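Values in this text are rule-based calculations from the coordinates and carry no lab data. Just so it is clear, the structure is predicted and the values come from calculations on it, not from any experiment. Cβ atoms come from the backbone with ideal geometry, glycine included; neighbour counts cover every protein chain shown.
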Amino acid sequence: MLVLLVGMVAALVYQHRSDERAWKWFWRAAAPLWFILLARELSWGAVFYPPTQMTGDGPIFSSDHLWYKPAVYPIVALLGVAVVYIVLRHRLVKKVDEVIRAGAAPWLETLLAVICVAVATVAEGHGGALSRWIGGHSMLVEELAELAAALWLFTGQARVRVFQFKESRTGDLLRTS
């Protein structure tokens, strides 16, 4: 959860420190995505209520008992639509294209995050026959895979920020010469 929170805060700090308007909106679009991942990791807030079950691996929390559960998916959908609107309205695809053309796209980080999410999904029991391979500590494997995925996403975000920083420095040098 801490990595997801730091990722969201970092995106907000990046937007605050960005000089170029498009980059500001790029980071504003990233922050809600981190928020959704954080809220999901917190079971939409269920972790702040008593656990529904205790296991050898630890407590189990369920969002099924939350009074606001019916509003969760509409809010997530609304945030998703807002992110898509920001991307389209501020033509952020151009920024993504710049990152890709410069060779700074976080392809490896994205691939590793996807693999980690797949491992977490299998460990959670949604992998059919693959789930049996995990063994007795599926919750531990799931949480470690989710942590690794969050770290890879954070690393990918940092790679894009480094590109932005280098791009702005190059632009500054070109303007002063």
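Assorted remarks:
- Volume of the Cα convex hull of the stretch 76-177, divided per residue and given in Å³: 122
- Most to least packed among 41-54, 4-17 [average Cβ atoms within 10 Å]: 4-17, 41-54
- Here is what passes the span test in the chain: the DSSP H helices with alpha carbon length of 20 Å or more along the helix axis and a Kyte-Doolittle mean of 0.0 or above are 2-17, 21-41, 69-89, 107-121, 138-176.
- In the chain, helices alone account for a calculated mean residue ellipticity at 222 nm of -23500 deg cm²/dmol, with every DSSP H run of four or more residues adding -39,500 (n - 2.57).
- Under 16 Å between alpha carbons - lysine pairs in the chain that sit 8 or more apart or on different chains: 4
- Linear extension gain, Trp133 paired with Asp97, 0.36 nm per residue minus alpha-carbon span: 9.0 nm
- Against the rule of thumb 2.2 N^0.38 Å, how large the Cα Rg of the stretch 58-132 comes out: 1.60
- Hull shadow area, averaged, the stretch 22-95 [alpha-carbon convex hull, nm²]: 6.1
- Most mobile of Ala29, Ala77, Ala145 in a GNM of the chain (Cα contacts under 10 Å): Ala77
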